[in-house]
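Enquirer: Here's a structure for you.
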Amino acid sequence: MSAPEEKKKGEIDWSKIGFQVAICSVSHPVTQARHLIQLGHEPAAPFRKEAGFLKIFNPGGNFYNGVFTGYLLDAGLLSREVIYAGLVAKMTETCISSISQTLVEPVVDDLFLNKNYEKTKSFDDVLAKSLKQFSIQATGIICSRPFCVIAIRQIASIADGSNESSLIEGLKGIASENAWFTGLVPRLLHEAITVFGLNTLVFLYEQTLKDKADDVVEKTMPLLLSLAVSSVAYPLHLVSNIQCIQGTKSVLNAHPELTWLNILSKLYSAKDHSRGSSIFFSRKVRAIKSQESAV
């Protein structure tokens, strides 16, 4: 039996896209939960939990439910009425992002003389590798941005009880407001920090510590570095998604006229800049909380 033919660069892998769309569809309730939490939607009041014997692992305080501890039920995300809110737009975003990245990859390769930069020998190589990766990923983000905006707006409509799901109506909405690329700047900044930051840290690790590290450290360090960079860049991703509902009448639109920098500043001031970064288990209520106004 012959091995499957390897796809050439620039050739669309429809089976891969089909798999991505399937995963997008199956995980959509979790996606809805993440976006609603990012936008400040908390349908249930926080509950009190006492601290355990080891407070560092089991701290006490007020908590909101996570996805696995009740949020899906609290927000009604398992009902037939809301399951389609944002689904078609999210699937379309996934397809367009994947296709556009595939089509632009050979163009970017030509610009970088088809170098892989797998083994970076200097910081110039790190910058070139990062710029190459960012160019490809940014193309996908830009091309699919209108559908990302539509998806987040339609998911936000769950909090209003309207449960919007029509892609055509979503396109009409962003066209009337010229909101095709709302939140794009912080989203691209998030991607730039993630790509350049991670590649830089990996390069510094390989140049200084890799030879001294054991097998366990060598295997886990890239993951730890990725988590660290993602944590630093996450507030920009959060702001980008919050901006998507600006201009709408959603009850979650708490910042109708603020710039992304102003929103970011308010999030940091309220210690809410990591909202939605961890959604699966109970989430501790931040120290400063305003129930009347979701930041």
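The values are calculated or read from the model by the stated rules, or taken from the named source; none is laboratory data. These figures come from a predicted structure and were not determined experimentally. Here Cβ is always computed from backbone atoms with ideal geometry, including for glycine, and neighbour counts include all displayed protein chains. To get the accessible areas, we keep the full protein, side chains included, count just its heavy atoms, and leave off ligands, DNA and RNA. Shrake-Rupley method; radii C 1.70, N 1.55, O 1.52, S 1.80 Å.
Enquirer: Among the residues of the range 98-120 satisfying the criterion of being of a type in the set (A, V, I, L, M, F, W, C) and open to solvent by less than 100 Å² (accessible area, probe 1.4 Å), which is modelled with the lowest pLDDT?
Expert: Taking the candidates together, the pick is F112.
Enquirer: Does the range 48-63 include one or more residues that are crowded, with 17+ Cβ neighbours inside 10 Å and at pLDDT below 90?
Expert: yes
Enquirer: Given the criteria crowded, with 22+ Cβ neighbours inside 10 Å, closer than 26 Å to G10 by Cβ and not acidic (D, E), does V149 qualify?
Expert: In short, no.
Enquirer: I've got another one for you. Can you pull out every residue in the range 69-84 that is open to solvent by 60 Å² or more (accessible area, probe 1.4 Å) and among the hydrophobic types (A, V, I, L, M, F, W, C)?
Expert: Selection gives L73, L78.
Enquirer: Filter the range 167-189 for residues that are within 18 Å of T94 (Cα to Cα) and either in contact (Cβ under 8 Å) with a residue 60 or more places away in the chain or in a helix (DSSP H, G or I) (or both) and give the result.
Expert: If the condition is that a residue be within 18 Å of T94 (Cα to Cα) and either in contact (Cβ under 8 Å) with a residue 60 or more places away in the chain or in a helix (DSSP H, G or I) (or both), then L167, I168, G170, L171, T182, G183, L184, R187, L188 are the ones that fit.
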